[in-house]
1. Only four residue types carry charge here, +1 at the Cβ of Lys and Arg and -1 at the Cβ of Asp and Glu. Report the dipole size of the chain about the Cα centre in Debye, rounded to the nearest 20.
2. Would you list Cys101, Cys179, Cys155 from fewest to most Cβ contacts within 10 Å?
3. What are the trypsin sites (Lys or Arg not before Pro) within region 69-163 that DSSP puts in a loop, where the Cβ has at most 13 other Cβ atoms within 10 Å?
4. Sticking with the crude label model, points 7 Å out along Cα→Cβ, report the distance from Leu97 to Glu78 in nm, one decimal please.
5. Using alpha-carbon positions, what is the distance between the centroids of region 148-190 and region 193-209, in Å?
6. How many angstrom lie between the Cα centre of region 123-142 and the Cα centre of region 14-92?
7. For the chain, what does -39500 (n - 2.57) per DSSP helix run (n ≥ 4), summed and divided by total residues, give at 222 nm, in deg cm²/dmol to the nearest 500?
8. For the chain, what is the Kirkwood hydrodynamic radius in Å, using each pair of distinct C-alpha atoms?
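Every read-out reported here was derived from the displayed coordinates using simple, explicitly stated rules and does not represent laboratory data. Everything numeric in this text was worked out from a predicted model, so none of it was measured. Neighbour counts run over all protein chains shown; Cβ positions are idealised from the backbone, glycine included.
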Amino acid sequence: MRLFTYFRSSAAYRVRIALALKGIDYHADAVHLRRNEQASAVYTALNPQGLVPALVDGPTVLSQSLAIIEYIDETHPEPPLLPGNAVQRAHIRALALAVACDIHPLNNLRVLRYLKTDMRKSQALVDTWYRHWVATGLAALEAQVKRIGRTGRFCIGDAPSVADIVLVPQLYNARRYDCGLAAYPTLTAIEAACLALPAFSATVPEKQPDAEAAP
């Protein structure tokens, strides 16, 4: 497998975690988002959206992190990333989608660039935008996990699932933008349980081959 990735992309980070949990070896192809390599003709021929990640598995080319993760889960069933019964799997998907569809799209790099460059907003206003939507989303997520009735160390049970895979990169990004996380003790406890596992600790942005210093 080949994973087209960027060390700081939370969507690519999700797929790295999934591959690590499954013990799947892959080749990482770095796509530097801040240099706009995702807009190159070579890359958009692979992924017309011009986004990372993209996964190449033989003749198959896949985009969208959650679709890639479900593909990995179906083709490599152990350990399952969507475990449990139908209700538990629905909860897992709901938690993952709350991040991937409601928090992340408002705060990814192309949105922040548009606000600053095209809309001519100051960095302070862009940062305020980012923190507002992170706080709104994480507050709802904290309440949602509690409402479901967490019974184990992770979002659902005692094994990491797609929900945890999506949560950890979002909290990483929140810290990058100095979003306070004290109001989300359940989420940060889940994060700590995840980061105690090699599959999560080895896939953090700083440990990737293309990692570089801020910004």
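1. 640
2. Ordered by Cβ neighbours within 10 Å, fewest first: Cys101, Cys179, Cys155.
3. Of the trypsin sites (Lys or Arg not before Pro), the ones in loops of region 69-163 whose Cβ has at most 13 other Cβ atoms within 10 Å are Arg120.
4. So the label points at Leu97 and Glu78 sit 3.1 nm apart.
5. 14
6. Here the answer is 26 Å between Cα centres.
7. So the calculated ellipticity at 222 nm is -15000 deg cm²/dmol.
8. 17.7
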